[in-house]
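**Student:** Mind looking over this structure? Questions follow.
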Amino acid sequence: MNKNSNIYQIIYASVMVLIVGTVLAFIYMALKPKQDDNIANDKRGQILSAVFLKPADKSQIEDTFNKYIVEGFIVDENGNTVSNDKQETFEVNMKNNIMEKSRKLPVFKCKLDDGSIKYIIPVYGAGKTGGLWGPIWGYVAVNDNGKDIYGAYFSHEGETPGLGAEIANPKFQDQFKGKKIYVDGEFKSISVMKAGQKPTDGSEYVDAISGGTMTSRGVEAMLKDCMEPYDAFFKKLQSGTFK
């Protein structure tokens, strides 16, 4: 066949595309399990960060998670358990979940070395409940009294370094520790306010990020949007009737 003919060039290009495509597909399939493991391990580390247990050595994250996260379950809007499957709870995709009319409400139960119990709630925000440049997310650990926060972890997709990206800074996250989410028996999400300002609804608050007003508002909106549906669950913890 004439190598300079159009037919030869078309056949040659098609064969090369097929070969390259096959090689790339093989590489993708070979690497996917490792990629999935890395994504899952990163998520475990984020959950552990909400209770200050993330180990510095990444190789220890899975063992630490399995040791301290003793249960994973899903509750409904009435605070009733609808699934006790820890893996199913772990696999809830919060990005998709917040778009559903009937959301799944995942909870991770953590038992610390001193025997105390913390309940970790995932939060996710996009659009009006997100950051300035994209989604934000995190995990909030609530004490077993169902009334106040033990710890919090937040991250983001593309916030500005030194500004909105500061939500991932422990200095910002540590402000949430000990904040009450119930005032006079009523759920009150944590407000994120400019320094020197206070909310008018009686809710507890933290200082917003300087120069990161939109992201700070996103964190506040995200917390309310994602934590308020757990009201019945929190009240069952408060009354000691959750089982």
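The values are calculated or read from the model by the stated rules, or taken from the named source; none is laboratory data. As the structure is a prediction and not an experimental result, all values here were calculated from the model. Methodologically, a virtual Cβ is constructed for each residue, glycine included, from the backbone with ideal geometry; neighbour enumeration extends over all protein chains shown.
**Student:** Please specify each residue of segment 64-75 satisfying the condition of being part of a helix (DSSP H, G or I) and either surrounded by fewer than 18 Cβ atoms within 10 Å (Cβ to Cβ) or of a type outside the set (A, V, I, L, M, F, W, C) (or both). Please lay out each step first, then the result.
**Tutor:** The first filter runs over segment 64-75 and keeps only residues part of a helix (DSSP H, G or I), leaving 64-68.
The answer is 64, 66, 67, 68.
**Student:** For residue 118, are the conditions met, namely being of a type in the set (Lys, Arg), closer than 17 Å to residue 50 by Cα and either in a strand (DSSP E or B) or in contact with a Gly (Cβ under 6 Å, 6 or more places away or on another chain) (or both)? Can you show your working first?
**Tutor:** Values: of a type in the set (Lys, Arg): yes; closer than 17 Å to residue 50 by Cα: yes; either in a strand (DSSP E or B) or in contact with a Gly (Cβ under 6 Å, 6 or more places away or on another chain) (or both): yes.
Spelling it out, residue 118 is indeed of a type in the set (Lys, Arg), closer than 17 Å to residue 50 by Cα and either in a strand (DSSP E or B) or in contact with a Gly (Cβ under 6 Å, 6 or more places away or on another chain) (or both).
**Student:** Could you check segment 118-170 and list, in sequence order, the residues that are of a type in the set (D, E, K, R), modelled with pLDDT of 95 or more and surrounded by fewer than 19 Cβ atoms within 10 Å (Cβ to Cβ)? Show your work before the answer.
**Tutor:** Initially, segment 118-170 is screened for residues of a type in the set (D, E, K, R), giving 118, 128, 144, 147-148, 157, 159, 166.
Restricting the remaining residues to those that are modelled with pLDDT of 95 or more gives 118, 144, 147-148.
Within segment 118-170, 144, 147, 148 meet the criteria.
**Student:** A further question follows. Between a first residue in segment 66-82 that is of a type in the set (Gly, Ala, Ser) and a second residue that is assigned to a helix (DSSP H, G or I) and modelled with pLDDT of 95 or more, which pairs have beta carbons less than 7 Å apart while being 6 or more apart in sequence or on different chains?
**Tutor:** Close Cβ pairs satisfying both conditions: 72/86; 72/89; 72/90; 79/232; 79/233; 79/235; 79/236.
**Student:** So in segment 41-63, with the set limited to residues that are in a helix (DSSP H, G or I) and under 12 Å from the mean Cα position of the chain (by Cα), which one is surrounded by the most Cβ atoms within 10 Å (Cβ to Cβ)?
**Tutor:** First pass over segment 41-63, keeping only residues in a helix (DSSP H, G or I): 41-49, 58-63.
Subsequent filtering for residues that are under 12 Å from the mean Cα position of the chain (by Cα) retains 42-49.
Numbers: 42: 13, 43: 16, 44: 21, 45: 19, 46: 19, 47: 25, 48: 23, 49: 22.
By that ranking, first place goes to 47.
**Student:** Of everything in segment 49-82, what is small (Gly, Ala, Ser) and under 20 Å from residue 118 (Cβ atoms)? Give them in sequence order. Let's see the steps before the verdict.
**Tutor:** So the first thing to find is which residues in segment 49-82 are small (Gly, Ala, Ser), and the list is 49-50, 56, 59, 72, 79.
Passing the criteria: 49, 50, 72, 79.
**Student:** Tell me, which residue of segment 222-243 that is polar (S, T, N, Q) and not in a loop (DSSP other than H, G, I, E, B) is nearest to residue 167 (Cα to Cα)?
**Tutor:** First, the residues of segment 222-243 that are polar (S, T, N, Q): 238-239, 241.
Now drop any that are not not in a loop (DSSP other than H, G, I, E, B), which leaves 238-239.
On the way: 238: 29, 239: 33 Å.
By that ranking, first place goes to 238.
**Student:** May I pose another question? Give all pairs with beta carbons closer than 7 Å in which a residue from segment 103-127 that is under 18 Å from residue 90 (Cα atoms) meets a residue that is polar (S, T, N, Q); count only pairs at least 6 apart in sequence or on separate chains.
**Tutor:** Here the result reads 103/97; 104/97; 106/89; 108/89; 118/143, each pair linking segment 103-127 to a residue that is polar (S, T, N, Q).
**Student:** Same structure, new question: Just to verify a result, which residue in segment 199-243, among those that are of a type in the set (Gly, Ala, Ser) and under 19 Å from the mean Cα position of the chain (by Cα), is surrounded by the fewest Cβ atoms within 10 Å (Cβ to Cβ)?
**Tutor:** At the first step, the residues of segment 199-243 found to be of a type in the set (Gly, Ala, Ser) are 202-203, 208, 210-212, 216, 218, 221, 232, 239-240.
Adding the requirement that they be under 19 Å from the mean Cα position of the chain (by Cα) leaves 216, 218, 221.
Details: 216: 26, 218: 28, 221: 18.
Ranking the candidates gives 221 first.
**Student:** Name the strands (runs of 3 or more DSSP E) wholly inside segment 135-221 in which the number of residues that are in contact (Cβ under 8 Å) with a residue 24 or more places away in the chain and closer than 25 Å to residue 99 by Cβ is 1 or more.
**Tutor:** Numbers: elements: 136-143, 149-156, 191-193, 205-207.
So the answer is 136-143, 149-156, 191-193.
**Student:** If I ask for residues that are over 15 Å from residue 106 (Cβ atoms) and either touching a His at 6+ places or on another chain (Cβ under 8 Å) or hydrophobic (A, V, I, L, M, F, W, C) (or both), which ones from segment 45-69 would you list? Give the steps one after another, and end with the answer.
**Tutor:** Restricting attention to segment 45-69, the residues satisfying the condition of being over 15 Å from residue 106 (Cβ atoms) are 45, 48-49, 51-64, 66-68.
If the condition is that a residue be over 15 Å from residue 106 (Cβ atoms) and either touching a His at 6+ places or on another chain (Cβ under 8 Å) or hydrophobic (A, V, I, L, M, F, W, C) (or both), then 48, 51, 52, 53, 56, 61 are the ones that fit.
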